[in-house]
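The values are calculated or read from the model by the stated rules, or taken from the named source; none is laboratory data. Please read these numbers as outputs of a predicted model, since none were measured by experiment. Cβ sites come from the backbone with ideal geometry, for glycine too, and all protein chains shown count toward neighbours. What goes into the accessible areas is simple: the full protein's heavy atoms, side chains included, and nothing from ligands, DNA or RNA. Shrake-Rupley method; radii C 1.70, N 1.55, O 1.52, S 1.80 Å.
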Amino acid sequence: MTIQWFPGHMTKARRQIQEKLGLIDVVIELVDARLPLSSRNPMVDEILSGKPRMIVLNKSDLADPQMTKEWLNYFTAEGHIALEVNASTGQGTKDIPNKAKELFKEKIERQIAKGIKPRPVRALIVGIPNVGKSTLINRLAGRNIAITGDRPGVTKGQQWIKVGTEMELLDTPGILWPKFEDQNVGYRLAVTGAIKEEILNVEDVAFFAIKYLARYYWQPLKERYELEQPQPQPQDFENPDEIVAIMEAIGRKRGCIVSGGRVDLAKASGIILRELRAGKTGRYTMESPF
Ligand code: G4P
């Protein structure tokens, strides 16, 4: 799904989230473990207006495990509860209700002190499109739920999903938008498939990906495509021809040849991105907290 965010869309999305905030106790902010900043909304603190929140790094199966640890440390040092999950398999998701309870602890203790039996913690999942919100809702629910997009005047038709005995989840997630103003954010989102690369040029997106992988993940790239050239040196990254040479080598390996023996770069780019997104080129993270 491609979503283009214009000021009108953003205002509407923001209003829809704010309508839901009144119903819930804690927020589960879902980000992509491969790009924990670019897949976040930069105004999230303001939008969530101080609701207790945990940051959940999803798709951790596709991210560099060492970098995921660094990101968890980073968010923890910022005072957040942070955890990594794979919503597709459910790995790590069992911790979510416990963490939600932890976030809501003071209120629960106050209720107990007053002799009130505490009710389940009510949670809302928020995140940018494609980050895995629906997958996580289904995983936590333990069944497939038809998750529909938001409509104006939303809150009435919504259902609570029981997650064990101590948490309830709103069945419709809150949709946040990424910050496209920075071109590199757009490229990172396109590389991971969070936005369709058609918004950008497929060859430019693959170029961005190969430049990054050649610098930080050369070994898995070399192995995947049986590359014969040496890893580019730091100064080579300033020269686009060096990166295009790698893309061409990949294209040749994959038979993307047009008449005259030239490499069809658009076709090669499509393959590079498809395989990267499916995790076939190894696990990678596209930004670092330091
Ligand atoms: P959204 O509601 O936030 O828009 O995202 P959604 O759950 O639809 O997930 C977007 C895509 O990400 C889906 O793939 C989904 O399977 C995949 N996904 C979600 N969580 C994980 C995860 O932890 N690991 C991996 N590897 N993938 C994850 P799709 O290709 O759009 O659909 P499909 O392949 O599931 O049919």
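Worth pointing out:
- Heavy-atom accessible area per residue - region 138-290, 1.4 Å, Å²: 53 Å²
- Placing +1 on the Cβ of every Lys and Arg and -1 on the Cβ of every Asp and Glu, with nothing else charged, gives region 186-290 a dipole about its Cα centre of roughly 460 debye.
- For region 210-258, the set of GluC sites (Glu not before Pro) satisfying both a DSSP loop assignment and a count of at most 10 other C-beta atoms within 10 Å is given as E226, E228.
- Helix axis angle, 240-253 relative to the chain longest principal axis, alpha carbon, degrees: 90 degrees
- Inter-label distance for R122 and Q219, nm, one decimal - labels placed 7 Å from Cα along Cα-to-Cβ: 5.0 nm
- Sulfur and carbon atoms: percent of accessible area, region 161-290 [1.4 Å]: 47 percent
- Rolled with a 1.4 Å probe across the full set of protein chains, the surface gives M247 an accessible area near 0 Å².
- In terms of its alpha-carbon gyration tensor, region 4-125 comes out oblate; a/c meets the 1.5 threshold, while b/c is at least as large as a/b.
- Top of F75, F237, F180 by mean-square fluctuation, Gaussian network on the chain, Cα under 10 Å: F237
- Three-way shape call for region 72-126 based on the alpha-carbon gyration tensor, with the a/c threshold at 1.5: oblate
- A cut-off under 14 angstrom between Cβ atoms defines the neighbours of Y225, and their net charge, with Lys, Arg +1 and Asp, Glu -1, is +2.
- Neighbours of M167, meaning other residues whose beta-carbon lies under 10 angstrom from its beta-carbon, give a summed charge of +1 when Lys and Arg score +1 and Asp and Glu score -1.
- Rel. contact order, % - alpha carbon contacts under 8 angstrom, at least six apart, the chain: 21 percent
- Within region 195-236, chymotrypsin sites (Phe, Trp or Tyr not before Pro) in DSSP loop having at most 11 other beta-carbon neighbours inside 10 Å: none
- Directionally averaged shadow of the chain, computed from the convex hull of its alpha-carbon atoms, nm²: 17.1 nm²
- In this view, the solvent-accessible surface of W5, computed with a 1.4 Å probe and all protein chains in place, comes to about 40 Å².
- Subtracting the Cα-Cα distance of R252 and Q66 from their residue separation scaled by 0.36 nm leaves 63.7 nm.
- Of all accessible heavy-atom area on region 35-124, the percent that carbon and sulfur account for (1.4 Å): 49 percent
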